[in-house]
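Following: one structure in structure tokens, then a few remarks.
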Amino acid sequence: MSSVARLTAAAAAAGVVAAAIALPAVGGTGAMFVSASEDLGIKPEELTEPPLAERTTVLDAKGNEIAWFYEEYRESVKLGEVAEIMKTAILSIEDYRFYEHGAIDIEGTIRALAKNAASGGIAQGGSSITQQYVKQVLLNSATTDKERNAALEASYARKLKELRYAMAVEEKYTKDEILEKYLNIAYFGAGANGVEAAAKRFFGVKASELTLAQAATLAGAVQDPNATDPNLGKAQRAKLLSRRNLVLDTMAKLGKITPEMAAEAKKKKLGYKGTAIPGGCTASETPYFCMYVRNEVLSNKVFGKTPKLRSQFLNRGGLTIHTTLDPRMQKAADRAIKKHVNASDNPVASEALVEPGTGAIKAMAASRKYGNNKRKKEMSYNVVADAVHGGGTGFQAGSTFKTFTLITALKEGMKINDGLSVSQGFRAPYYSSFKNCKGENIGDPSHTVTNDEGGGGFKSLATGTWQSVNTFFMALEQKVGLCDTIKTAKDLGIKRSDGLPLLEFSTFTLGTNEMDPVTVANAYATIGARGKYCAPMVITKITDRNGKTKNYKPQCNQALDAEVADAAADILSGVFTKGTMRGVGGIGRDAAGKTGTTDSQATAWFAGFTPDLAGAVSIGDPRGAQDHKLNNITIGGRYYGSVFGASIPGPIWKDTMLAALKGVPATEFTPVNSSRFGGCGSSCAPVRVEPDRSDDDDDSDGVLEDTDIDTTFD
């Protein structure tokens, strides 16, 4: 009896008349069809083959892999990169006549139809490798439950549709090309898509290195990968072992291996290693930077008009994302933080490094590991960044904000030696003494801002900054205008970490808004770049799966008069020699910065810059900074009565910069235009700063350095 006759008879026995008769009886040449096929329209139908979901690889600035993103764990490989024994094993159990038949295996289909007739349903598929590839394409491209159910439907209508597509696939590709596509799309279980990912996941080897027993295991897994998923437990592993042995027996029966080889392989244990699926920010050595990259793609319309398109672009696109991360600078930040703060400490220290003139984020570090293990005090959000990039609410930035008032004064014509006489306390004389940017009166005559002892008297822009005198900056902000100060801060990229509008109270200059290190570091980088503001950036170029590359350039504008920035840098450089960082000291090159401590040491900061690199360090308790202040506390194995900006953040910044800039030629600040701003900035003779405490910050007196908005302005 001919193949066609046998198929027709089997189909009739199964109660499938017209549809089965219409199946093309394709032999090795793919030329024969049953006469009824043309009448029933059984012709090849072009299969739409969307690109497979491929992993996206993230690289640092030196080309090192730092993270993978993917919707499906898959690494596509060429057929030549797959061990011959793997090809033999998969063909032996799934379609041993693959190279002999066309789109359909007549003998396999006959066996399946006969078995299905006996069972009264679809008990055996009989699908060729080509048909299985078609099924996987339809399943992978399904976007709705209806489409997914249709791809899995146990019906002859579905099989007939697959056949039409399979016929077209056989016409379009060679057999080797089809086998390669199948091996890359097949799901093997344990989250591994494609033979390369499966080889690594199951056995920790490449597909080219698979042994006979390993190849037989993977070949056995594709039939029902969920039932034989070794990651699910002992029962599934036992089923997979049974399937492996069946594959080995089948290979021996077909003469692909000897019975002795099969017996020897069957003696081996399953050998499943469960190698961790690589990728994702949890597995990255730079998790906070990784999170920033991920959220930058997902939130920025440059990478797709809708959230769905951006997600597909990142997780399915097979991209290579080149970033700004400098591995040497990252290590410098990691080591500096680890030196001063333990991962087990309740307060968390975080740091961001930004390049002036480009906005390139060079490093992001924190004292705690990223993850969801609360017992190990892992951070479940990006403590270094804002909410848009996976961060939280941030910490009040303290006196780092006084810099914006200083800059505003310089913008409005004040000279370095100009100043104000202030007392120990500052109280707004009337409600209209401060106006927000809506023109509303928000001064509070009932509240007094105070200094530490010895803080009164005449203060110039320079000495008031070095001593970080609260009352001086309140009076200076009143003089130059609250709204103008806020506008200066915004021009330098200042925005709240939680995404809410900036709080526009008179204590704005004392840093009552919650910030993140990236935002603060980038604002100070603008000063280091002589007033050139560049939006924070982490992505320099993206290469797609086809090798097409798109470059991304810094987005910059001149936010500040260059000479104003020079004058601010000159004054802020004195913080290291005459101000609150004098006990910590400088870094052996031109540098400037500002300490910051909030009311009663709730949080502490240091933000500083050179012309080559800027950085900001914060420390606070993520359980709630106002409820868990930095007093009478042990951090990094050292006891602190009170933590100030120069206690921990300042030393972290210094240690980071010394290592990060090692070997980098020092760039000097541009000298101040003395005809415009006068002289006697950082070049002035030292002045006595009270109180003289080497580990003190700037102005926290246990009363108020940054007013707590919640209690001051009800």
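The values are calculated or read from the model by the stated rules, or taken from the named source; none is laboratory data. Every value quoted in this text rests on a predicted model; they were computed, and no experiment measured them. Cβ coordinates were reconstructed from backbone atoms using ideal geometry, including for glycine residues, and neighbour counts include every protein chain displayed. SASA here: full protein model, heavy atoms, side chains in, ligands and nucleic acids out. Shrake-Rupley method; radii C 1.70, N 1.55, O 1.52, S 1.80 Å.
Got a number for the accessible area of K541? Probe 1.4 Å, square angstrom, nearest 10.
That residue has around 70 Å² of solvent-accessible surface.
Heavy atoms only, 1.4 Å probe, whole protein assembly: order Y182, Y187 by accessible area, highest first. Present the calculation step by step, with values, prior to reporting the outcome.
On the way: Y182 5, Y187 65 Å².
The ordering from most to least exposed comes out as Y187, Y182.
On alpha carbon coordinates alone, what is the Rg over Rh value for the chain, Rh being the Kirkwood radius?
1.16
So how far apart, in nm, are the two label points at T258 and N226 if each is 7 Å from Cα heading toward Cβ?
4.2 nm
Just to be sure I follow the rule: in the range 376-437, considering lysines 8 or more places apart or on different chains, how many pairs have Cα atoms under 28 Å apart?
5
Skip the ligands, DNA and RNA, and give the accessible area per residue of the chain with a 1.4 Å probe, whole Å².
I get 41 Å² per residue for this part.
Report, in cubic angstrom per residue, the convex hull volume of the C-alpha atoms of the range 221-355.
Residue-normalised Cα hull volume stands at 236 Å³.
For the range 391-473, what D do you get in µm² per second when you plug the Kirkwood radius from alpha-carbon pairs into Stokes-Einstein at 20 °C and 1.002 mPa s? It would help to have the intermediate numbers written out before the result.
On the way: Rh = 14.2 Å.
For these conditions, the coefficient is 151 µm²/s.
Give me the percent of accessible area attributable to carbon and sulfur for the range 554-610, probe 1.4 angstrom.
Answer for the range 554-610 is 41 percent, counting heavy atoms of protein chains only.
When only the heavy atoms of the protein chains count and the probe is 1.4 Å, how do D498, D345, D176 rank by accessible area, highest first?
Details: D498 45, D345 15, D176 75 Å².
Ranked list, largest accessible area first: D176, D498, D345.
Give the accessible area for H447 in Å² (nearest 10); use a 1.4 Å probe, count only protein heavy atoms, and leave out ligands, DNA and RNA.
50 Å²
Under 8 Å for C-alpha pairs, at least 6 residues apart: give me the relative contact order for the range 485-592, rounded to a whole percent.
Worked out over the range 485-592, it gives 21 percent.
Suppose a student asked you for the relative contact order of the chain, using Cα pairs under 8 Å spaced at least 6 residues apart; what percent would you report?
13 percent
Highest mean first, how do 156-165, 325-334, 556-565 rank when packing is the count of other Cβ atoms within 10 Å averaged over residues?
325-334, 156-165, 556-565
Keeping the other protein chains in place, figure out the carbon and sulfur percent of the accessible area of the range 138-179, with a 1.4 Å probe.
Carbon and sulfur together cover 52 percent of it.
Might you work out the accessible area of C534 for me, using a 1.4 Å probe with all protein chains in place, and round it to the nearest 10 Å²?
Roughly 0 Å² of C534 is accessible to a 1.4 Å probe.
If the cut-off is a Cα-Cα distance under 16 Å, which lysines reach K578, setting aside same-chain residues fewer than 8 apart in sequence?
Straight-line reach from K578, under 16 Å: K459, K594.
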